[in-house]
Amino acid sequence: MYYSPYPYFLYSNQYPQWIMANHSSPTQIPRHLAMPTNPTKTSPFPPVDTHKFKTSAKEIQNIMQQAHLLVDKIAVSDQFAHDLINAAQLSNKTEVNKLISSTGITITFDTKYTPDSIRINLNEIGCCGLTIILSW
């Protein structure tokens, strides 16, 4: 007989066909080898509550409007885009934050940049957030 390192599951394709030819019906897994179940508790997770989830969805709509202000300003104004890239490449965080705030964003944000891109995290504390990554 073949050794199975996983005694909880018996698969018919695990054994050669000549062994299975002797069985007229599929083998039932003995009760003591089956995976344990807990009939009193059907789910290991807490009950579903959509209140916070729906609140986060409403807040993310506000964050997306704020992100739209920033992205529109970059798309429309060549001078603004140039100034933002220049400040980021010079690692002038104060100027980068000032430029981003000048677009009308009122939400808290954090910026990180490399020589070829900028990452702007728009966050609503304890709720949700949105990350914008723009390359140049």
Pull out all pairs, ordered by first then second residue, where Cβ-Cβ is under 9 Å, the residues are six or more apart or on different chains, the first lies in the range 81-94 and is among the polar types (S, T, N, Q), and the second is part of a helix (DSSP H, G or I). N86/E95; N92/N86; T94/A87
Report yes if S56 is outside any helix (DSSP H, G or I), at pLDDT below 95 and not aromatic (F, W, Y), otherwise no. no
Quick test of your reading of the structure: S91 fulfils all but one of (1) within 28 Å of the chain's Cα centre (by Cα); (2) over 27 Å from H51 (Cβ atoms). Name the failing condition by number. (1)
Working only within the range 121-136, note down all residues that are farther than 12 Å from I63 by Cα and either in contact with a His (Cβ under 9 Å, 6 or more places away or on another chain) or outside any loop (DSSP other than H, G, I, E, B) (or both). I133, L134, S135
Please verify whether I85 is closer than 20 Å to L130 by Cβ, out of contact with any Ser or Thr (no Cβ under 7 Å at 6 or more places or on another chain) and of a type outside the set (D, E, K, R), treating the condition exactly as stated. no
So which residues in the range 121-136 are within 13 Å of A67 (Cα to Cα) and over 17 Å from the mean Cα position of the chain (by Cα)? L134
Name every residue in the range 97-108 that is over 13 Å from L84 (Cβ atoms) and either at pLDDT 95 or above or not in a loop (DSSP other than H, G, I, E, B) (or both), in order of residue number. T108
What residue, among those in the range 63-80 that are polar (S, T, N, Q), part of a helix (DSSP H, G or I) and without any contact (Cβ under 8 Å) to a residue 40 or more places away in the chain, is farthest from S135 (Cα to Cα)? Q65
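Would you mind stating whether S43 is modelled with pLDDT under 60 and not in a helix (DSSP H, G or I)?
So S43 does not fit the description; no.
The values are calculated or read from the model by the stated rules, or taken from the named source; none is laboratory data. Being a predicted model, the structure only gives us computed values, none of them experimental. A quick note on method: Cβ atoms are made from the backbone with ideal geometry, for glycine too, and the neighbour counts reach across all protein chains shown.
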